[in-house]
Amino acid sequence: MVFVRYLNKKLVATLNATNRNEALTQLVDVIFKAGKLKNKEEFLNAIMEREKIVSTGIGMGVAIPHAKLPGFDDFFITIGILQKAIDWNALDGTPVRLIFMIGGPDDKQTEYLQILSTLTQFIKDEEKRKRLLNLHDPKTIIELFRRI
């Protein structure tokens, strides 16, 4: 699987959110402006509903909110880097600074699991997480993922 095919420099943003819902809304706005969403409200609602089930804050300062809906042909990943860490009700209690929002079709579960597996491998590498937090140029950020 070529992970970087799900990335796009238009889907990388530095966020100045003060809470989880604000961060989610800002990232959905980024996705909408990049032309990836037909229905912004439907996608945002799906993301928010998913958060109600269980927090997508997986630990290590990272959250992976996601929504799979009919009408998408392919997956995409939006990277949000928060200027200040915010509470996400993460599994380990650590505030979040890195958000990887995944969107895509609801009928490609195997591909979705491959994306999550690859992303998890990246996230587990503390050095890569720290490096990502210090990068600001979307192109440079995507280059960091070319190596996985």
Query - Pair list, Cβ under 7 Å, 6 or more apart: segment 114-141 residue in contact (Cβ under 8 Å) with a residue 12 or more places away in the chain, other residue among the polar types (S, T, N, Q) - result: H136/T14
Report task. Go over the candidates L116, L132, L144 one by one and state the one that is under 15 Å from the mean Cα position of the chain (by Cα) and open to solvent by less than 30 Å² (accessible area, probe 1.4 Å). Result -> L132
Report summary line: Restricting attention to segment 1-15, the residues that are open to solvent by 60 Å² or more (accessible area, probe 1.4 Å) and touching a Lys or Arg at 6+ places or on another chain (Cβ under 8 Å) number exactly 2
Report summary line: By residue number, the members of segment 16-28 that are within 13 Å of the chain's Cα centre (by Cα) and either open to solvent by 60 Å² or more (accessible area, probe 1.4 Å) or among the acidic types (D, E) (or both) are R20
Report summary line: Apart from one, (1) more than 25 Å from N39 (Cβ to Cβ); (2) open to solvent by 30 Å² or more (accessible area, probe 1.4 Å) all hold for L98; the odd one out is (2)
Report summary line: When segment 40-86 is checked residue by residue, the ones that are outside any strand (DSSP E or B) and surrounded by 20 or more Cβ atoms within 10 Å (Cβ to Cβ) are F43, L44, I47, T56, G61, P65
Query - Residue selected from segment 97-148 under the condition aliphatic (A, V, I, L, M) and in a loop (DSSP other than H, G, I, E, B), by the criterion farthest from Q26 (Cα to Cα) - result: I148
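The values are calculated or read from the model by the stated rules, or taken from the named source; none is laboratory data. In this text, all values refer to a predicted model and were calculated from it rather than measured experimentally. Counting neighbours? That spans all protein chains shown, and the Cβs are built from the backbone with ideal geometry, glycine included. Side chains included, ligands, DNA and RNA excluded: accessible areas come from the protein's heavy atoms. Shrake-Rupley method; radii C 1.70, N 1.55, O 1.52, S 1.80 Å.
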